[in-house]
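Notes follow once the structure below has been shown.
Each reported figure results from applying straightforward, stated rules to the coordinates on display, with no laboratory input. Please read these numbers as outputs of a predicted model, since none were measured by experiment. Note that each Cβ is placed from the backbone with ideal geometry, even for glycine, and that neighbours are counted across all protein chains shown.
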2 protein chains.
Amino acid sequence: MTSPEPEMTPEPDSKGRLRLWLKLLKVTRSVEADLRESLRTEFASTLPRFDVMSALSRHAEGLKMSELSGLLKVSNGNVTGIVERLVDDGIALREAVPGDRRASRVRLTRKGAEEFARQASEHEHWVNELLGALEADEANAMIEQLDRIIREEAQ
Amino acid sequence: MTSPEPEMTPEPDSKGRLRLWLKLLKVTRSVEADLRESLRTEFASTLPRFDVMSALSRHAEGLKMSELSGLLKVSNGNVTGIVERLVDDGIALREAVPGDRRASRVRLTRKGAEEFARQASEHEHWVNELLGALEADEANAMIEQLDRIIREEAQ
DNA sequence: GGCAGTTATTTCAAGCATAAACCTTTAAGC
DNA sequence: GCTTAAAGGTTTATGCTTGAAATAACTGCC
């Protein structure tokens, strides 16, 4: 009474994984859109700026441009523009790296650190509400599965 | 011996949900980067183009610009540019909507439909490999949880 | 010391994305 | 008919993003 096995099924779960990917995309974009909107209306800022500030806030000693783009997994030229605007706004500053005149180190100004603290606190609330449908154990389980995807990708 | 309830813990799982969000972002961006790279090298195309073609392929009768931007959840003006380039490349075309001279209907050309079929097939393989760390039941479970997030968001 | 190769970063062109302003057409009241 | 409001789209200004090319500085080798 079991259904007959089809002869040729090279990737049995293919459709399910595709569906998962589309759903992942949908959720991520939706949450991102909400966060962007909140950052815009509450802080007149953007997600890329927040991401850069977040990375800088975890490295008080500063980061080189290439370290920054490596952490955020974005292109090198991309960071140039974002940091430029942050510097113009007094949020970040560039320091010379002694012994290497090519490089510069970027870090948050006092004002930038204070501003980020405010934004990060709100950001955490927003995320907590947006993902409120999941309980702590569900969230942790999902984190583990996502970690497996990341590890596999890195080979 | 039970631990006393803290007076003020408005959002106990806040940190876990924040971690989950950062992980979701990481996975999504990583997969997106791989897919973008593949689309670029194999088909000289981009993700936004693929998304538009995908939507159009599911609506052979064509879509109005506003329907398209609604489906993809992107801004109206955004779609204008992408469709413009697809039309220039002979992938899509615009038709007048009888009885409404404001609107136009976009659909894939024959060439566009064939091209999308090729790309979609490869795309499914890529996704299947990128998410290969998850089994079918895990994928399905995650889809359900993600659906809960989406539903909650819509209120 | 010179110079080949590497590393750090910026610049550039093209495309993507948003929000806001705008234009045209349609629909609704009166 | 005329006015007004809404709907469908495009345009514009600004910013994000990439990949490639350019620039500059450093490193090592002979």
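Rounded to the nearest Hz, the phi-derived 3J(HN,Hα) couplings of the range A:91-101 under the Karplus curve 6.51 cos²θ - 1.76 cosθ + 1.60 (θ = phi - 60°) are 8, 10, 9, 10, 10, 6, 9, x, x, 8, 7, where x marks glycine and proline. Estimated from the Cβ-Cβ distance and a Förster radius of 25 angstrom, the FRET efficiency linking B:E135 and B:L22 is about 0.55.
In terms of distances greater than 24 angstrom between alpha carbons, the cross-link table entries B:K26/B:K111; A:K23/B:K23; A:K23/B:K26 yield B:K26/B:K111. Close amide H contacts of A:A92 (hydrogens built in the peptide plane, cut-off under 5 Å, sequence separation of 5 or more or a different chain): A:V87, A:T109. Projecting the Cα atoms of B:L39, B:V74, B:A96 onto the charge dipole of chain B, computed from C-beta unit charges around the Cα centre, puts B:A96 farthest toward the positive end. In nanometers and ordered shortest first, the copy-to-copy spacing of the B:L93 label point, defined 7 Å from Cα toward Cβ, is 6.2. Each residue in B:R151, B:R107 was given a count of other beta-carbon atoms within 10 angstrom of its own, and listing them fewest first yields B:R151, B:R107.
Rounded to the nearest 500, what is chain B's calculated 222 nm mean residue ellipticity when only DSSP H runs of at least 4 contribute -39500 (n - 2.57) each, over all residues? Show your work: numbers first, answer last.
Values: 6 runs with 101 residues, N = 155.
After summing the helix terms and dividing by residue count, I get -22000 deg cm²/dmol.
Report, as an integer, the average count of C-beta atoms from other chains found within 10 Å of each Cβ along A:120-127.
Numbers: counts 1, 0, 0, 2, 6, 4, 2, 8.
Mean partner-chain Cβ count within 10 Å for A:120-127: 3.
Since only B:V83, B:S54, B:L130 are under comparison, the one whose Cα sits farthest along the positive direction of the charge dipole of the range B:43-153, derived from C-beta charges on Lys, Arg, Asp and Glu, is B:V83.
Here the Karplus curve 6.51 cos²θ - 1.76 cosθ + 1.60, taken at θ = phi - 60°, turns the phi angles of the range A:71-88 into couplings of 5, 7, 6, 10, 6, 5, x, 4, 4, 3, x, 5, 4, 3, 5, 5, 5, 4 Hz, with x standing for Gly and Pro. The two copies A and B are related by a rotation, and the chain A beta carbon nearest its axis, with distance in whole angstrom, is A:T28, 2.
In debye, nearest 20, what is the charge dipole magnitude of chain A about its Cα centre with +1 on Lys and Arg Cβ and -1 on Asp and Glu Cβ, if you could check?
Numbers: 23 positive and 28 negative charges, 169 e Å.
Here chain A has a charge dipole of around 800 debye.
Each part gets one Cα centre, and for the range B:36-65 versus the range B:108-139 those centres are 12 Å apart.
If you average the sequence gap of Cα pairs under 8 Å that are 6 or more apart and divide by the length of chain A, what percent do you get for the contact order? Could the numbers behind the result be given before it?
Working: 105 pairs, mean separation 29.6, N = 155.
Averaging sequence separation for qualifying contacts and normalising by length gives 19 percent for chain A.
How do B:E61, B:E114 rank when sorted from fewest to most other Cβ atoms within 10 Å of their own Cβ?
Values: B:E61 7, B:E114 12.
Ascending number of Cβ neighbours within 10 Å: B:E61, B:E114.
In this assembly of identical copies, the label point of A:A120 (Cα plus 7 Å along Cα-to-Cβ) is separated from its counterparts by 4.5 nm, sorted shortest first.
For chain B, what class follows from the C-alpha gyration tensor (a ≥ b ≥ c being the square roots of its eigenvalues): rounded when a/c is under 1.5, otherwise prolate if a/b is larger than b/c, else oblate?
Values: a/c = 2.95, a/b = 1.82, b/c = 1.62.
Verdict is prolate for chain B.
Look at the stretch B:72-78: the mean tally of other chain Cβ atoms within 10 Å of its residues' Cβ atoms is 1. Sequentially through the range A:123-137, phi angles give Karplus couplings (6.51, -1.76, 1.60; θ = phi - 60°) of 3, 5, 4, 4, 4, 4, 6, 5, 9, x, 6, 9, 7, 4, 5 Hz, Gly and Pro residues having no value and appearing as x. Taking the number of Cβ atoms within 10 Å of each Cβ as an exposure proxy, the fewest-first ranking of B:H59, A:H123 is B:H59, A:H123. Against the main long axis of the alpha-carbon atoms of chain A, helix A:14-43 sits at an angle near 30°.
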